[in-house]
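See below for the structure under consideration.
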Amino acid sequence: MIELMANKAPVITIDGPSGTGKGTIAHMLAKALGWHLLDSGALYRLVAVGAERKNILYSNINELVSFTLGMDVCFSRLFEGSIELNNEEVSTLIRQETSGELASQVAAIPEIRKALAERQLAFRQAPGLVADGRDMGTVIFPDARQKFFLTASLDERGQRRYKQLINKGLGVNLRALLQDIQARDERDLQRAISPLVLAEDALLIDTTELSIDQVFEKVLAATQQALL
Ligand code: C5P
C-alpha cells in the first residue's frame with residue numbers, strides 16, 4: 001500500500017465556489033508544469049446536459065447512474081477549451097448558466113458523485129495532475145501535494161461572470177445572475193455529500209482584489225515550494 005502511494009503521480013488541487021477564477025488558474029498551472037488537467041465541474045455539467053438530452057429524470061437514479069458510467073467523454077483538447085460527449089462537441093453548451101445550475105442539482109446526488117469518482121481518479125497520471133472543483137482536496141485527492149481554496153466576494157464573482165457573458169454577446173441581468181450564483185453556492189455548501197468546504201491543509205486565497213496574474217503568481221510560488 002505504502003509503495004503504491006509512493007508511485008502515485010503528484011496532484012495539485014484547486015477548490016472553491018464559481019467565479020473565483022479557479023478554472024483559469026488550474027489551466028495556467030497545468031500548462032506551466034506540463035501536467036494533466038482535470039476540470040471536474042465539466043463532468044457534472046456533462047451528466048446534466050446528457051440527462052436532459054435523453055430525458056432522464058433525476059428521480060430515476062438507476063438510469064442516471066448508468067448514463068453517467070457509460071458517458072464517452074473526450075477531454076483530449078481540453079487545453080484548447082474543447083470537450084466532446086459521445087462524439088459531439090459540447091463545450092459551449094455545458095458552459096451555459098443553465099447547465100451550471102443543473103450540474104449543481106446532479107452533484108447533490110450521492111450515487112452520481114460515486115459514479116464519477118473513478119473517472120476522476122483515472123486522471124492522476126505522470127508527470128502530475130492539476131484538478132479543480134469543489135471536493136478535489138477534501139474527497140477525491142486528499143493526499144494532494146498542495147491544496148488551494150480560492151474565494152472572492154459574491155459581488156466580485158457576479159461582476160466577473162457578467163463581463164464574461166457580455167463579452168460572449170449574451171444578454172444577462174446582473175441581479176438575476178447574482179441570485180443564481182448565490183443559489184448555487186448555497187446548494188454546494190449545504191449538500192449532505194461532499195459539500196464545498198475548506199480543507200484544513202489548503203492555502204486560502206481571497207482573489208477579490210487580485211488580478212488573474214497576481215493569483216497565478218501566488219499559486220505557482222506555493223506549488224514550486226511544495227514540489228521541492
Ligand atoms: O466548477 P463548475 O461551475 O463547472 O461546476 C458546476 C457544478 O458542479 C458546481 O456548481 C457544483 O455543484 C458541481 N461540482 C461539484 N464537485 C466538483 C465540481 C463541480 O459538486 N468537484
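No lab work stands behind these numbers, since they all come straight from the coordinates. Only a predicted model underlies this, so the values are computations on that prediction, with no experimental measurement involved. Cβ atoms come from the backbone with ideal geometry, glycine included; neighbour counts cover every protein chain shown.
Side notes on the structure shown:
- Estimated FRET transfer efficiency (Q159, K8; beta-carbon r; R0 30 Å; 0.05): 0.15
- Of K22/K163; K168/K218; K8/K54, pairs whose Cα-Cα distance is over 26 Å: K168/K218; K8/K54
- Surrounding net charge for V172, when Lys and Arg each add one and Asp and Glu each subtract one, Cβ distance under 9 Å: 0
- Diffusion constant of the chain at 25 °C, which comes from Stokes-Einstein with the Kirkwood Cα-pair radius and 0.890 mPa s, µm²/s: 136
- For the stretch 20-33, 3J(HN,Hα) computed residue by residue from phi via the Karplus equation (6.51, -1.76, 1.60; θ = phi - 60°) reads 9, x, 5, x, 5, 5, 4, 4, 5, 5, 4, 5, 4, 8 Hz, glycine and proline entered as x.
- With R₀ fixed at 25 Å, the C-beta to C-beta distance from M71 to Q105 puts the FRET efficiency at about 0.90.
- Built amide H within the under 5 Å cut-off of G133, gap 5+: I14, D15, G16
- Within the shell of other residues whose beta carbon sits under 12 angstrom from the beta carbon of N86, the net charge comes to -2, with Lys and Arg scored +1 and Asp and Glu -1.
- Between the stretch 152-168 and the stretch 27-62, the alpha-carbon center distance in angstrom: 22
- All Cα pairs of the stretch 20-127, percent lying beyond 17 Å: 53
- Charge sum, other residues only, whose C-beta stays under 14 Å from L64's C-beta, Lys/Arg counted +1 and Asp/Glu -1: +1
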